[in-house]
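Laboratory data are not the source of any read-out in this text; all were calculated from the coordinates shown. Remember, predicted model here, so these are calculated numbers, not experimental data. All Cβ positions, even for glycine, are placed from backbone atoms using ideal geometry, and neighbour counts span all protein chains on display.
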Amino acid sequence: MGKKRFDLTQVIKTLDGSNAMQKIESSTEVCKACNRPLVEMVPYTLRDALMQCLVSDPKDPRTGRPVPAKAAERYRRVKLALRIDDAKDTIRLSIDEIKDLKDLVPQFLTPVGQTRVWDILDPQDDDDEVEEDNE
């Protein structure tokens with residue numbers, strides 16, 4: 001089955017095309033005035049988006065409480081998250097993995113984030129570059 005290669009460092013774009021950013025708390029530096037971790041704004045990448053979707057439980061729209069997935073699904077999601085976490089800059093995903101991610105993304109990302117990630121995972125325009133590997 002063919003696999004497609006993805007650049008995990010690709011930055012997700014906002015609606016206006018600028019880089020999406022996220023706040024990251026420092027694990028070592030603390031504000032001297034308030035004694036809280038320093039916060040840094042860093043680009044929100046494809047890796048970040050996929051990891052957010054894979055390691056979180058979706059929320060029930062009525063109650064707002066997390067709804068745990070079935071054990072087998074959680075296992076598959078965590079195994080894929082571990083592969084993504086271990087990958088340096090790129091990862092090859094099977095067609096089934098891409099489909100699973102596309103099904104998962106709308107549960108966690110905004111409509112703009114979902115669209116940007118879907119466009120990376122499954123480009124609809126022939127101008128987009130996606131390298132396909134056969135293994």
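Over 26 Å between C-alpha atoms is what I'm after, so list which of Lys23/Lys70; Lys32/Lys88; Lys13/Lys102; Lys3/Lys23; Lys23/Lys99; Lys4/Lys102 land there.
The pairs that break the limit, which is 26 Å between Cα atoms, are Lys23/Lys70; Lys32/Lys88; Lys3/Lys23; Lys23/Lys99.
Is there a quick way to get the dipole size of the chain? I mean about its Cα centre, with the Cβ of Lys and Arg at +1 and of Asp and Glu at -1; what is the value in debye to the nearest 20? Mind dumping the intermediate values first?
On the way: 22 positive and 27 negative charges, 204 e Å.
That gives the chain a dipole magnitude of about 980 debye.
Which angle from 0 to 90°, rounded to the nearest 10, does the C-alpha axis of helix 71-86 make with the longest principal axis of the chain?
For helix 71-86, the angle is close to 80 degrees.
Amide H to amide H under 5 Å from Val30: which residues, 5+ apart in sequence or cross-chain, H placed 1.01 Å off N in plane?
Close amide H contacts, sequence-distant or interchain: Leu38.
Note the angle between two axes, namely the Cα long axis of helix 95-104 and the longest principal axis of the Cα atoms of the chain, as a number of degrees from 0 to 90, rounded to the nearest 10.
Helix 95-104 sits roughly 40 degrees off the main axis of the chain.
Most exposed first by the Cβ proxy, i.e. fewest other Cβ within 10 Å, how do Ile91, Ile120 rank? Display every interim value, and only then the final one.
Values: Ile91 21, Ile120 18.
Sorted ascending by nearby Cβ count, the order is Ile120, Ile91.
Going toward the positive end of the dipole of the chain, with +1 on Lys and Arg Cβ and -1 on Asp and Glu Cβ, which of Gln52, Val30, Leu121 do you reach last?
Positive-most Cα among the choices belongs to Val30.
List the residues, sorted by chain then number, that are 5 or more residues from Met21 or on another chain and whose placed amide H is less than 5 Å from its amide H.
When sequence neighbours closer than 5 places are left aside, the close amide H contacts are Tyr44.
Starting with the fewest neighbours, write out Arg65, Arg5, Arg92 ranked by other beta-carbon atoms found within 10 Å of each beta-carbon.
Starting with the residue having the fewest Cβ neighbours, the order is Arg65, Arg5, Arg92.
Suppose we look only past 14 Å in the calculated P(r) of region 43-94. What percent of the Cα-Cα pairs does that tail hold?
On the way: 769 of 1326 pairs.
Pairs farther apart than 14 Å: 58 percent.
Using only Cα atoms and rounding to the nearest 10 degrees, what angle (0 to 90) does helix 111-121 make with the longest principal axis of the chain?
Computed tilt is about 50 degrees.
Could you work out the relative contact order of the chain? I mean the mean sequence separation of Cα pairs under 8 Å and 6+ apart, divided by the number of residues, in percent.
38 percent
Among Val67, Val55, Val105, which comes first, second and so on when ranked by fewest other beta-carbon atoms within 10 Å?
Val67, Val55, Val105
What is the set of long-range amide H partners of Gln10 at a cut-off below 5 Å, with H atoms built 1.01 Å from backbone N?
Leu46, Arg47
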